[in-house]
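The values are calculated or read from the model by the stated rules, or taken from the named source; none is laboratory data. Keep in mind that this is a model prediction, so the values were computed, not measured. Neighbour counts run over all protein chains shown; Cβ positions are idealised from the backbone, glycine included.
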Amino acid sequence: MFKRWLILMAATLVLEFAAGAYLTKLVQNNQPIYEVCKEYLNTLPDTWTKASDTYYRAKCDLENPMSDQSRALNWQNKQNTNIGYIMVTFMATLGVFLLSFVARWLFVGRLW
């Protein structure tokens, strides 16, 4: 029975690690919108005004909740929250995994 428990806990740890790594990779791949906006803003003349620039308002304006950069930032914040939850769950599962070994050692006198 203990071996089944260890297999279940190990599989849970692997799934949690894979989910965290996948979401981290998704967040890292979302960075190009920031680079596009930074390059665009660097090419603007000194006489530029925000009100007349439809590209800026659609792509880079953080005050516009429907701009690409604003939506990307909101998505990234949600994914960072999910990554935090997964890491907390991973740590809790790892703690239960280690406590299982300690309990087995204390009650039975062996680890396997």
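Within segment 63-84, the set of residues being without any contact (Cβ under 8 Å) to a residue 24 or more places away in the chain and farther than 12 Å from residue 27 by Cβ comprises 63, 64, 65, 66, 67, 70, 71, 74. Within segment 81-112, track down each residue that is surrounded by 13 or more Cβ atoms within 10 Å (Cβ to Cβ) and under 30 Å from residue 40 (Cβ atoms). The answer is 82, 83. Checking the stated criteria, residue 87 turns out to be out of contact with any strand residue (DSSP E or B) (no Cβ under 7 Å at 6 or more places or on another chain), of a type outside the set (Val, Ile, Thr), assigned to a helix (DSSP H, G or I) and in contact (Cβ under 8 Å) with a residue 40 or more places away in the chain. State yes or no: is residue 14 farther than 30 Å from residue 101 by Cβ and either in a helix (DSSP H, G or I) or not polar (S, T, N, Q) (or both)? In short, no. Just name the residue that is nearest to residue 30 (Cα to Cα) out of those in segment 90-112 that are part of a helix (DSSP H, G or I) and touching a Phe, Trp or Tyr at 6+ places or on another chain (Cβ under 7 Å). Per the stated criteria, the residue is 90.
Residue 26: modelled with pLDDT of 90 or more, of a type in the set (A, V, I, L, M, F, W, C) and either surrounded by fewer than 13 Cβ atoms within 10 Å (Cβ to Cβ) or under 24 Å from the mean Cα position of the chain (by Cα) (or both), yes or no? Here the answer is no, as residue 26 does not meet what is asked. Cβ-Cβ below 9 Å, separation at least six or inter-chain, first residue in segment 44-60 and part of a loop (DSSP other than H, G, I, E, B), second of a type in the set (Lys, Arg): which pairs? Short answer, once both residue conditions are applied: 50/57; 51/57; 60/38. The residue pairs whose first member lies in segment 16-30 and is touching a residue at least 12 places away in the same chain (Cβ under 8 Å) and under 16 Å from residue 92 (Cα atoms), whose second member is among the β-branched types (Val, Ile, Thr) and surrounded by 14 or more Cβ atoms within 10 Å (Cβ to Cβ), and whose beta carbons are closer than 8 Å, counting only pairs six or more residues apart or on different chains, are 16/86; 16/89; 16/93; 19/86; 20/83; 20/86.
Checking 62, 94, 44, 13 one by one, the residue that is out of contact with any Leu (no Cβ under 8 Å at 6 or more places or on another chain) and not polar (S, T, N, Q) is 44 and no other.
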